[in-house]
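Reading through the C-alpha cells given below for one structure.
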Amino acid sequence: MRADKWDQDHVRMPHSPESMYPVSQTELKSRWQIICDTYKRPITSSRELEKAILSYNLNTKDDLVFGALHEFFNRTLDQSEMIGFFQSLLPKIVKLALEIEDKFRGSLPILAKGGNRSISMTQVQAGILLANAFLCTFPRRNSTTAQSALPSINFYRNVGGGVLGRGSVQEEIRFVLCPELVVARLFCESLGDTEALIVTGCERFNTYEGYGGTFTWSGDYNDSARQRDSYHRLNTIVVAIDALHNNRQSDQFKLEAIKRETNKAYAGFSFGQEGAIATGNWGCGAFNGDPLLKFLIQLMAASVCRKPIAYFTFGDEELRDKLFEMHQFLMRKDVTVGNSILWIWIIIILLPKTIYLPLAVYRCRSVMEGNQSLFFSEECKQIRRIALRLHLLHSRYRSDYPSY
C-alpha cells in the first residue's frame with residue numbers, strides 16, 4: 001500500500017490520488033488520469049506539446065512560457081533532428097515519466113532548512129523525476145498561493161542557480177554536466193547560512209567548452225569507468241553551497257559577509273575524510289563576487305579541513321597568475337588561517353580609504369613578522385599590491401570602523 005502524503009513536508013507527486021483537476025465548474029477529475037490520457041496520442045510538434053502540457057495546467061498557464069521551446073525546435077534543430085525528437089526521444093521521455101507509479105510507492109520528503117536529512121534514489125528514479133519535470137506534471141509548482149509553498153523546480157534561489165534559466169557559470173555548468181543534480185531542486189529548500197547540500201554518486205554525461213557567454217556543449221562524456229563505492233554508487237561527491245548575492249560589490253567586504261561565506265565554505269568542505277576540493281570562482285558570476293576574496297575564503301576553509309584544493313579559473317590566465325602569486329607569498333611566509341583572517345580584517349575591512357593602505361600593511365606585517373623594519377621590503381611591496389587589488393572595489397567606506 002502506497003504511503004502518499006499531501007502536505008507541506010513532502011513533494012506533492014503527480015500521481016497522487018489527492019491531485020484533482022477541475023474539468024468543469026462542478027466536476028473534478030484525477031489529474032494523473034488526464035496526464036495519462038493526454039500522452040496516449042502521438043505528439044509531432046512543439047505546438048502540440050504545448051497544448052498537451054496546458055491540458056493539465058490551465059490554472060497556471062500564464063506562468064508557463066513556451067517561447068524558448070518553440071525557438072529551439074523551429075530555429076535551432078534541423079528537420080531531421082526535430083523529427084527524431086518527436087518520433088523517438090519524446091515517446092521515451094513520456095514512457096519514463098509514466099513509470100512514476102511503479103517506481104515511487106511513497107512521497108518524497110522535503111529536505112527542509114535546519115535539519116539533517118537524506119534521500120537515496122536510483123538513476124532510473126532520478127530520470128523519472130526529470131521526465132515529469134520536463135512535462136510539467138508536478139502539481140502546484142508554479143502557483144504563488146499559500147497552497148504551493150513547496151520549492152519550485154525552477155526556483156532561482158534553490159541549488160543550481162540559474163541552470164534552468166540563463167545561467168552558464170560555475171554552478172550551472174556543473175548541473176548541466178550532471179543532469180541528475182537538477183532533481184535536487186525538487187525537494188531541497190534554500191539553504192541556511194551554515195548548511196550545504198551533499199550529492200553522492202551523480203554521473204557526468206556531457207563535455208563543454210567556454211564559460212559564461214562562451215559556454216557551449218561539445219559532446220558526450222563516458223563516466224562509467226569511474227570507481228564505485230560499497231553501495232555501487234559512482235565515486236563522486238558534489239557539494240552545493242550558495243554564495244551571497246551582492247547587490248553592491250562592496251557589500252561582500254563587510255565583516256558579516258566574510259564570516260558568512262567562510263562558515264558556508266567550511267560547511268561544504270568539511271564533509272568526508274579524504275579527497276581534494278575542486279572549486280573555482282564561487283559566486284563570482286551574477287552574484288558579483290570578487291574572485292580574489294573568494295579564493296582566500298575558500299583557501300582558509302579548505303586549510304581548516306586539512307584538504308588540498310584545486311582551483312579552476314576557467315581559462316582566465318591573468319586571474320590564475322594573481323592567485324598563484326598570492327598563494328606563493330602566503331606559503332613563503334608560513335601564514336596560518338588565524339593570521340590570514342586578521343590580514344583580511346585589517347586590509348579589507350578596517351580601511352575607510354585607500355590612503356590608509358600603508359598603515360594597514362605596516363600593522364599587518366608587524367603581526368605576521370614581528371619586525372617593523374620590513375615595511376619597505378620587497379615582500380611588503382608585494383602585499384601592498386595584493387591589498388590594492390582587493391581594495392579596488394571599495395575605496396569609499398564609512399569612517400566609523402574600530403581602530404588599533
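Quick note: the coordinates plus some simple rules give every number you see, no bench work behind them. Computed from a predicted model, the values in this text were never measured in an experiment. Counting neighbours? That spans all protein chains shown, and the Cβs are built from the backbone with ideal geometry, glycine included.
Of note:
- Each residue of region 194-200 was assigned a 3J(HN,Hα) from its phi angle through the Karplus expression (A = 6.51, B = -1.76, C = 1.60, θ = phi - 60°), giving 10, 10, 9, 9, 10, 10, 10 Hz with x at Gly and Pro.
- Interchain or long-range residues, amide H under 5 Å from CYS188's placed H: LEU111
- Between GLN79 and VAL65, the simple spin-label model (points 7 angstrom out along Cα→Cβ) gives 3.2 nm.
- Inter-label distance, nm, simple model (7 Å from Cα along the C-beta direction), VAL335/ASN263: 2.4 nm
- Candidate aspartates and glutamates for bridging to LYS5, where Cα separation is under 12 Å - those fewer than 8 sequence places away on the same chain excluded: GLU18
- Proximal aspartates and glutamates to LYS61, defined as alpha-carbon separation beneath 18 angstrom and excluding residues fewer than eight positions away on the same chain: GLU48, GLU50
- Applying the Kirkwood pairwise sum to the alpha-carbon positions of region 180-316 produces a hydrodynamic radius of 16.5 angstrom.
- With θ taken as phi - 60° and the Karplus curve 6.51 cos²θ - 1.76 cosθ + 1.60 applied, the whole-hertz 3J(HN,Hα) list for region 83-88 is 5, x, 5, 6, 8, 10 Hz, x standing for glycine and proline.
- Calculated FRET value between LYS103 and GLU256, using beta carbons and R₀ = 60 Å, to 0.05: 0.85
- Between ASN206 and ILE119, the simple spin-label model (points 7 angstrom out along Cα→Cβ) gives 2.1 nm.
- Nearby lysines by direct alpha-carbon distance to LYS264 (threshold 17 angstrom, same-chain neighbours under 8 apart not counted): LYS113, LYS254, LYS294, LYS307
- From phi via Karplus (6.51, -1.76, 1.60), per-residue ³J(HN,Hα) for region 207-220 in Hz, x at Gly/Pro: 10, 8, 9, x, 7, x, x, 9, 5, 9, 6, 10, x, 7
- Top positive-direction residue, dipole computed over region 1-150 with Cβ charges, set GLY114, ILE43, THR26: GLY114
- Prolate/oblate/rounded label for region 243-317 (Cα gyration tensor, a/c 1.5): oblate
- Sequence-distant residues sharing a close amide H with CYS136 (under 5 Å, placed H): none
- Amide H contacts for ILE309 (H built 1.01 Å from N in the peptide plane; partners 5 or more residues away or on another chain; cut-off under 5 Å): ILE277.
- One equal scatterer on each Cα of region 1-150, no solvent, Debye formula: the resulting log10 I(q)/I(0) at q = 0.10, 0.13 Å⁻¹ is -0.40, -0.67.
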